[in-house]
Amino acid sequence: MTGGSRAVTWLGVMLALSLAVNFFFIGFMVARISHPAAPPPTRQNVTIDRLMSGLSVSARAEVRRVFKTRKAEIRRAMRRLNRARRVAAGAFGAPDYDPAAARKALEQVRSAGAAVQAVLHEAILEAAAGLSADDRRMLMRMAARAAAGRLHPPRRPPGARRLPGGPLPGDGLR
């Protein structure tokens with residue numbers, strides 16, 4: 001092979017490689033445009049999904065329906081709570097610390113937090129009306145675990161049976 005034919009061969013290989021990479025990226029972009037990614041789940045959705053993870057399929061559908069109808073109300077309450085938290089953080093981080101302003105800000109956080117709880121409790125009460133006794137018990141178990149920061153469903157030890165109306169053995173809730 002001469003130097004000129006070698007250069008033509010390498011040029012052909014590089015052209016083929018370039019075309020392959022370009023087709024890959026064009027295909028990737030077409031796929032992204034034709035199938036846009038779903039928005040990432042919000043923290044609220046993740047929490048509600050984990051809250052429902054121990055429920056039956058029909059109970060999950062009922063809880064989703066109720067929370068969907070109250071979505072705007074829940075979001076408004078959460079926005080008020082987040083705003084109150086930002087104000088409190090600002091009061092504590094201010095160069096001239098004012099204890100009265102900090103106290104007032106924390107009172108607003110407590111008030112907004114209580115409002116969020118009230119909205120969520122009303123949604124849970126509404127959803128519970130359409131659930132079986134077992135699903136209502138599991139919903140309360142999961143709500144208690146969520147309040148304690150443990151959102152995963154309680155696990156039963158191998159071979160353990162559910163106690164009617166009582167806690168699952170080993171879940172630590174009484």
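No lab work stands behind these numbers, since they all come straight from the coordinates. What you see is a predicted model, and the numbers here were worked out from it, not measured in a lab. So basically every Cβ, Gly included, is an ideal-geometry build from the backbone, and we count neighbours across all protein chains shown.
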For segment 69-81, Karplus-derived ³J(HN,Hα) couplings (6.51, -1.76, 1.60; θ = phi - 60°; whole Hz; x for glycine and proline) come out as 5, 9, 4, 5, 5, 5, 5, 4, 5, 5, 4, 4, 5
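Please list 97-107, 59-69 highest first by mean number of surrounding beta-carbon atoms within 10 Å per residue. The partial results should precede the final answer.
Values: 97-107: 13.1, 59-69: 16.9.
The packing order, highest mean first, is 59-69, 97-107.
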Output ordering of 123-130, 19-26, 135-142 (per-residue mean of other Cβ within 10 Å, highest first) is 135-142, 123-130, 19-26
Quick calc, segment 69-142, dipole around Cα centre from Cβ unit charges on Lys, Arg (+) and Asp, Glu (-), nearest 20 debye, gives 200 debye
Over segment 43-147, the quotient of the Cα radius of gyration and 2.2 N^0.38 Å is 1.31
